[in-house]
Each structure stands twice: as structure tokens, then as C-alpha cells.
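Each remark here refers to the structure printed beneath this line.
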Amino acid sequence: MTHASEDRIIPTDLRSEMSRSYLEYAMSVIVGRALPDVRDGLKPVHRRILFAMQELGLSPDRPFRKCARVVGDVIGKYHPHGDSAVYEALVRMAQDFSMRERLVDGHGNFGSIDDDPPAAMRYTECRLTRIAAQGMLQDIGSETVDFGDNYDGSQQEPLVLPARIPQLLLNGSSGIAVGMATNIPPHNLGELCDGLIALIANPNLSNLELMQYIPGPDFPTGALILGQEGIRDTYQSGRASITMRAVANFETTSAPGRAEREAIIVTELPYQTNKAALIEKIAELVNDKKLEGIADVRDESDREGMRLVIELKRDAYPRVVLNNLYKTTPLQSNFSCNMLALVNGEPRTLSLRQALQEFLDFRYEVIARRTRYELRKAEERDHLLQGLLVALAHLDAVIQLIRQAEDAAAAKVQLCQDYALSEPQADGILQMQLRRLTSQDADKIRTEHEELTLKIADLQNILANRDRILEITCQELSAIQTEFATARRTTILPSDGDLATADLIANRETLILVTTQGYIKRLPLDTFTAQSRAGRGKAGANMKEDDTIAHVFACHSHDYILFLAIAAKPIACVPTKLSSLAEPPGALPSSSCYN
């Protein structure tokens, strides 16, 4: 059906309504499900899980509680979706191979790097980690963030968490929305804090200058990053590809009744690589004879760490086999970075500096709101203390007034009239216990009033001075860094590690035969063996009956050789690299220089 016929079938107003519905659905997925907020780096489901655990009192120093209880609270109060989606999000926050810094402390089977599924939520238990409690949820009760109604209006939930850590870059994020997707790599907490402190000291730092403090992503599984070009492009434009490579070394293995063999030992895998699927891929390539030199593959990983053993055949070259593994298996893979996040409710692709600056702006707002809350509470408390001090200064008269009053309401009105007190101050005097009339308690009230006076002046100075807020931000970042920062796991190599053709071919000893008629043949050295007595020997080279061998010399597969032919007319001479030839011995192609 043509487009014109569709226009005749679907009325214009109906098509407009369908377009609006599609846009509304797309924005609901983008804002409400798939993309993280640049301020706390969380999607709504993760934010609701952490807040529900906070409300349940699952702090790091409290006992574990069943995950089913947490999931039930989340879907019943805040997240009107399936329980499997909520449980999967909770499980991921508890996996040390998925998160650079875990936000949930799990007890039980939470899956593995082999993509084993976690146990059912009725069996596993969880609670908040220390970094989640101190770095994501602290000060949430100090009016630092806005709250909104949940899906049915019966509860209030935070629209964002008062994060003290740059969660968006720390643990990264991935998600697919309608027409857009995000894929942000994780980073090292200590390096992020250094970068934020440097940006506060010098707001004009560029993305490349920030790389002095944040050299690149730091994946929870370690491994290697090849080259810095992809990192630079990611930090400048927000989009690029970073090449990751497994960490491998060579060992000599032995077993009873078997000769020693060379083996490749893999101890770290690229981020999000499934170890079980990797082993299956290697076995499939070996069976299809697309990978040569491998005798056995086995997984010896345990609680102490990963250990993937790839045993080699006796005549294999370990480096060549490893290069072929990098070329054909997920031992080397790419991480496609797309630093897309919600900024003021709108999706934006961010550079490194923009992501850090948005977090600093958010911290400025949180600290300012917390300071205003503390100032209001301090002024309210000091206001009550001032009323108590008035009562202590006129103690006998106040006691007499209260004894003569008909009831508490009359005494309250009389206190406000005679001593110019406010209603809260009068209530405080009426509720004061007799033991607070002693001289020692009176001195405590005066001391507390003096301390509050100094605190109020300091809080007012903070709100009036932007530099004070930035200084507090630096102090909090330094405290987080001191307590939670860990060493970098991923090593960044200066070169991009591109594999040339020669890297995939063993550098074997080779014999080159040149005949009188201009034919050239390459033969492996082991083609020629010593002939025993009464033996028949081996045929070295098959030639024409009237052709003979003119030259024989030895070299290696990676050597360059230049052949010159004398002819009646000049012909082109092309240098030929032996590694570019096929591995089985044979005549040189006609494009090379021979007559």
C-alpha cells in the first residue's frame, strides 16, 4: 500500500494523536527507565531499590534481610513493574565483576562471571554497603533533594539521591531507550576524586588536562586497555570505542605420566566477557581447525582468582597462538562508549569535563540546601534556649505565674504577654522539667546557646560565600577518597596493539630452493630428515625432469628476500616477505620476480 493510500485511510487528527502517543511513550522510557541521571548516576529502579533498603534500615552494620522483602517493598511502593526486573537490578549492584564499587552487599548466590544465574530472591539476602550508605544516601533526611509522589500518590520518593560520589562515572551505566542508548565505562574512585578537586581548583581545565588525573576507565575485571586514542575521543566527544585485551602469561605445565607443555594462563578478562562462552568459542574454533596449536582448554578458577589454562601442542609457538586468540576470540574486544545521561530531564551526550562539572554543580546545590536546613534547625533550637534563659533569669516570678494560672493555656498566654515570648518559647518553658532548674543544667543551657550562636554565624557565612561551599566539597571528596579509594585494576598500554599478519604466523626455520628454470620453493626444515640405513628417505622437492636446483639457503618465515632474475628484457623485481606466503610449501606466485 502506498503512502498516499495510507493518508486516505488514516485521518490526519488520528495520525497526530498516534505521533503524540509515540513521543510520550518514548520520553517515558528515556526519562523513567533507561537513562541514568547525571547527578546521582542512577536509573529510577536503582534509586528506588537503595531508598527502599534505607527505609527498611538495612544499613551496613545491621543484619542481612531477604531480597524478596526488598523487592516486595520496591514494587509495592515505588516501582510498578515486574519483580524479576527489580531483582535483576539489585543483583547487578551486588556483583563485584559488574560494579567497580558495589552498592549492595549480597549474601548467597548472586551469579558469576560465567553467566550463571543467581539464586531465587527467597534464598538470597542483602543490605547496603558502606559506600552506598555514606556516599549515596547520607543527608537524605536534611531536605537536600526534592521528593515526589509515587505511582499511586500514597508514598513520597526522592527524585534524586544526594550522592557524594560521582556514581555515573564510578560504576558506569548501560541502557537502551527509544531511539538512543547509553554505555558509560566504570572508573577509579580515587582518580575521579582527584579530577574533581583539580576542577574545583581550576575550573578552566580541558578534557585532555583532566586526563592527567583520570587517565582512563578502570574496569572491575581488570584487563588491559590498548592505546589512549579511544579514551581521548571518549572524553572529548562522549563517543568512541576502547579496545580491551585479556591479561595472559606463559607457563610450563606438567602432569604425572606426561611430558611438560607450554600453556597460556589467562588471569583477567575484558569487561563483560562471559568466561564459559569464551571457552566454548575457543573449543569450537579448535574443532573447526581455525585455531592451531591448542591441545586442551580448562578452567582452574577458584576463590583466589581467575585462572584459564590453554595448553599448547609440543610444536606450537605460544606468542603466535596467543595473537590468534586475540584476533579470533573475545580475549580482545571493544567497549563502545556513549556517555549519554539525563541533564535537567533531557538526554545529553557529555564529555568528561561536562560530566564532572554537572556533578559539582549538584554537590553545590546539595551542600547549600543542607546548610539552610541546619541553619533553620539551629535557629529554632536557639530560639527555644533564649526563652529558657529568660525563664531562668526570672525563675521565681515564672514559677509563681505558672502556679497561679488556671491551666496550661492561660499560663502560656500570660508568659507571652509578660516576657515578650513566642508561643514555642512559652511551650518550652512549660515543658521544662524541674531538674533543669539546677545551676549545673542552667550552665549547660547557657553553653549550648553560646555554641549555637557561633554555629549560626558560621552557617550564614557558608551560605554567603561560594568558596566555603567549594571548600566543603573538597573536604568531603578527600574523606571519601581516603576511606573508599582502591588501587587501579586496569592497565593502560601506550600502543594500540594492532596485530600485523606476521604476528599470526610462527617464525619457523625454512629452506628456500631456487631451480635453474626460475622456480622457487619454500620447504619447512623438518621436511628433510637423516636417512637411516636401508631407509628410503623423503622426497625433498618435486621438479621437472630437465630442471635442477641452482641455489639452496636457510632463513625464517618473517625474513624479507629479494629475488633478481636475469632476462633478455628488464622485468620488475618485488621484495617478498615469506610470512605473506601460504604456510604449506609451494612455488612463489608469478607476481614475484622470476622468469
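The values are calculated or read from the model by the stated rules, or taken from the named source; none is laboratory data. In this text the structure is predicted, and so the values were computed from the model without any measurement. Quick reminder, even Gly has a Cβ in these numbers, built from the backbone with ideal geometry, and neighbours come from all protein chains shown. For the accessible areas, the whole protein counts, side chains as well, though only heavy atoms, and no ligand, DNA or RNA atoms are used. Shrake-Rupley method; radii C 1.70, N 1.55, O 1.52, S 1.80 Å.
Taking the convex hull of the alpha carbon positions in the stretch 111-204 and averaging its projected area over all directions gives 10.6 nm². For Lys313, nonlocal amide neighbours, meaning residues 5 or more places apart or on other chains whose placed amide H falls under 5 Å from its own, are Ile294, Ala295.
With Rg and the Kirkwood Rh both taken from Cα atoms, where does Rg over Rh land for the stretch 30-81?
On the way: Rg = 12.0 Å, Rh = 11.8 Å.
With Rh from the inverse mean 1/r over Cα pairs, Rg/Rh is 1.01.
Treating each Cα of the stretch 326-370 as an identical point scatterer and summing with the Debye formula, the log10 of I(q)/I(0) at q = 0.14, 0.21, 0.29, 0.32 Å⁻¹ comes to -0.53, -0.77, -1.03, -1.11. Under 5 Å from the amide H of Ser241 lie the amide H atoms of Cys337, each residue being 5 or more positions distant or on a separate chain, with H modelled from the backbone and absent for Pro and chain starts.
At a 1.4 Å probe radius, carbon and sulfur cover how many percent of the accessible area of the stretch 281-335?
41 percent
Proximity of backbone amide H atoms, modeled 1.01 Å from N, is registered between Gly41 and Leu168 at under 5 Å, excluding neighbours fewer than 5 places apart on the same chain. Highest mean packing first, where packing is the average number of other Cβ atoms within 10 Å per residue, the peptides 127-134, 453-460, 512-519 line up as 127-134, 512-519, 453-460.
Looking at the stretch 100-158, what % of the alpha carbon pairs are farther apart than 17 Å?
On the way: 1043 of 1711 pairs.
Across the stretch 100-158, Cα pairs with separations above 17 Å total 61 percent.
Rolling a 1.4 Å probe over the protein heavy atoms of the stretch 52-138, with every protein chain left in place, gives an accessible area that is 45 percent carbon and sulfur.
Provide the packing ranking of 166-173, 116-123, 263-270, i.e. peptides ordered by the mean count of other C-beta atoms within 10 Å per residue, highest first.
Working: 166-173: 26.6, 116-123: 14.2, 263-270: 21.5.
With the highest mean Cβ count within 10 Å placed first, the list reads 166-173, 263-270, 116-123.
Legend: distances between Cα atoms for Lys412/Lys455; Lys66/Lys275; Lys43/Lys77; Lys290/Lys313; Lys275/Lys313; Lys290/Lys327; pairs beyond 20 Å are Lys412/Lys455; Lys66/Lys275; Lys275/Lys313. A cut-off under 10 angstrom between Cβ atoms defines the neighbours of Leu340, and their net charge, with Lys, Arg +1 and Asp, Glu -1, is +2.
For the stretch 188-246, the Cα-based Rg and Dmax, in that order, read 12.1, 37 Å. Couplings 3J(HN,Hα) for the stretch 159-175, derived from phi with the Karplus relation 6.51 cos²θ - 1.76 cosθ + 1.60 (θ = phi - 60°), are 7, 7, 8, x, 5, 9, 10, x, 4, 4, 8, 5, 9, x, 6, 9, x Hz, where x marks Gly and Pro.
Coupling constants for the stretch 337-354 follow from the phi torsions by the Karplus curve (6.51 cos²θ - 1.76 cosθ + 1.60, θ = phi - 60°), and in residue order they are 7, 8, 7, 9, 8, 7, 10, 6, x, 10, x, 9, 8, 10, 7, 4, 5, 5 Hz; glycine and proline get x. The calculated P(r) of the stretch 22-180, using every Cα pair and 10 Å bins from 0, goes 11, 41, 39, 10, 0 in percent.
Computed extension gain for Glu143 through Glu229, at 0.36 nm per residue and net of the alpha carbon distance, reaches 26.6 nm.
The stretch 362-397 and the stretch 419-472 have Cα centres spaced 5 Å apart. By the compact-protein rule of thumb, 2.2 N^0.38 Å, the alpha-carbon radius of gyration of the stretch 319-426 corresponds to a ratio of 2.51.
Calculate, for the stretch 382-463, the solvent-accessible area per residue in square angstrom, rolling a 1.4 angstrom probe over the heavy atoms of the protein chains. Before the final figure, lay out the partial values.
On the way: 5170 Å² over 82 residues.
Each residue of the stretch 382-463 exposes 63 Å² on average to a 1.4 Å probe.
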